[in-house]
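Enquirer: I have a structure I would like to understand better, so I am pasting it below and will then ask my questions one at a time.
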Ligand code: BDR
Ligand code: CA
């Protein structure tokens, strides 16, 4: 069992990451923190709580609000892809004023912010070296993670690895060369890349192969398939109709915005789910270790991840600011990934 923390900005594909984090049988979700990104932070924190509830997460798993804006740059949202509130078009989620949602956001003794909650979870799990390290996953801009790295350097030993969806090798989606999560807060991403912790980057090159096709959509709605899975595993997997309907509207909306914005005709790439899939089944990915930096000053290239695939930079073997700092995912076993997705 791997202990994980999820920092996210739900977001349709973040919602699928939450689903995997709750239901992958070999991971244990300690908590969820939220960050500005796909929509305003106000909406994002509610969405995270609504998703946890919809996916049947244990009530002890709470949502901790984090940064409402990037370290330096102006905040930006992505309503074209995710709708005005971050989960546009999704039917069947608990409403934001449902008492269960307030409970997920309510912390006895007053508000606890993202970085404090991450620090507490790591301290309790790691126990200064005698316990278990925590995998910290990021599926949004990396502002919270950069703040955690800067404020709690003494706890980095308790981080097993940072796994993040973001960046690309020579590709962009919210500029010609920059991916949305990195573009939102490039300085935060560079702080995380420089941290002396193992990092795994899941870039667009790989997430664009995880397309939720019409065939996957039919499987999701096909009760016989669901029944088979349920019988062969456990009662818990007997997906209820409302849950299938919710996921269907979620992935349907995401498909329509990806088609109209980026011309993805086969279906949307469910980027963020791959972060949790990596933790649960790393063998689904082939990765290579490179030096990765973020372009912070470029006139046309700000937010680009510069992946040194030809090893031009002199680097050492550390994960920190002089080393080959990042394991970059290069290929995905797509069928294996969707098997895991459907089981969840
Ligand atoms: C990333 O940007 C967001 O729109 C998605 O949630 C994902 O994390 C893809 O570039
Ligand atoms: Ca996201």
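The values are calculated or read from the model by the stated rules, or taken from the named source; none is laboratory data. Please read these numbers as outputs of a predicted model, since none were measured by experiment. Methodologically, a virtual Cβ is constructed for each residue, glycine included, from the backbone with ideal geometry; neighbour enumeration extends over all protein chains shown.
Enquirer: List the residue pairs whose Cβ atoms are under 6 Å apart, where the first residue sits in the stretch 264-280 and is over 22 Å from residue 1 (Cβ atoms) and without any contact (Cβ under 8 Å) to a residue 60 or more places away in the chain, the second is within 14 Å of ligand 1 (Cβ to nearest atom) and outside any helix (DSSP H, G or I), and the two are 6 or more positions apart or on different chains.
Expert: Partner pairs satisfying both residue conditions: 266/211; 267/211; 267/212.
Enquirer: Moving on to the next point. Let me spell it out: the conditions are (1) touching a helix residue (DSSP H, G or I) at 6+ places or on another chain (Cβ under 6 Å); (2) modelled with pLDDT under 95, and residue 209 meets all of them except one. Which number is the exception?
Expert: (2)
Enquirer: Out of the stretch 1-26, which residues are farther than 19 Å from residue 104 by Cβ and either more than 10 Å from ligand 1 (Cβ to nearest atom) or surrounded by fewer than 21 Cβ atoms within 10 Å (Cβ to Cβ) (or both)?
Expert: Once the filter is applied, which keeps residues that are farther than 19 Å from residue 104 by Cβ and either more than 10 Å from ligand 1 (Cβ to nearest atom) or surrounded by fewer than 21 Cβ atoms within 10 Å (Cβ to Cβ) (or both), the stretch 1-26 yields 1, 2, 3, 24, 25, 26.
Enquirer: Please work out which one of (1) more than 30 Å from residue 125 (Cβ to Cβ); (2) surrounded by fewer than 23 Cβ atoms within 10 Å (Cβ to Cβ); (3) away from ligand 1 (no atom under 13 Å from the Cβ) is the condition residue 90 fails and give its number.
Expert: The single condition residue 90 does not satisfy is (2).
Enquirer: Does residue 105 satisfy the criteria of being under 22 Å from residue 19 (Cα atoms), surrounded by fewer than 22 Cβ atoms within 10 Å (Cβ to Cβ) and either at pLDDT 95 or above or more than 14 Å from the chain's Cα centre (by Cα) (or both)?
Expert: Here the answer is yes, as residue 105 does meet what is asked.
Enquirer: For the stretch 310-322, check the following and say yes or no: at least one residue is touching a helix residue (DSSP H, G or I) at 6+ places or on another chain (Cβ under 8 Å) and over 20 Å from residue 25 (Cβ atoms).
Expert: The answer is yes; a qualifying residue exists.
Enquirer: Can you list the helices (runs of 4 or more DSSP H) found entirely within the stretch 217-309 that contain at least 1 residues being modelled with pLDDT under 95?
Expert: 223-232, 241-262
Enquirer: Considering only the stretch 189-216, state which residues are within 14 Å of ligand 2 (Cβ to nearest atom) and either part of a helix (DSSP H, G or I) or more than 17 Å from the chain's Cα centre (by Cα) (or both).
Expert: 189, 204, 207 - these are the residues of the stretch 189-216 that are within 14 Å of ligand 2 (Cβ to nearest atom) and either part of a helix (DSSP H, G or I) or more than 17 Å from the chain's Cα centre (by Cα) (or both).
Enquirer: Do you know which of the residues in the stretch 150-169 that are away from ligand 2 (no atom under 16 Å from the Cβ), free of Cβ contacts under 8 Å to residues at least 60 places away in the same chain and in contact with a strand residue (DSSP E or B) (Cβ under 9 Å, 6 or more places away or on another chain) is nearest to residue 200 (Cα to Cα)?
Expert: It comes out as 161.
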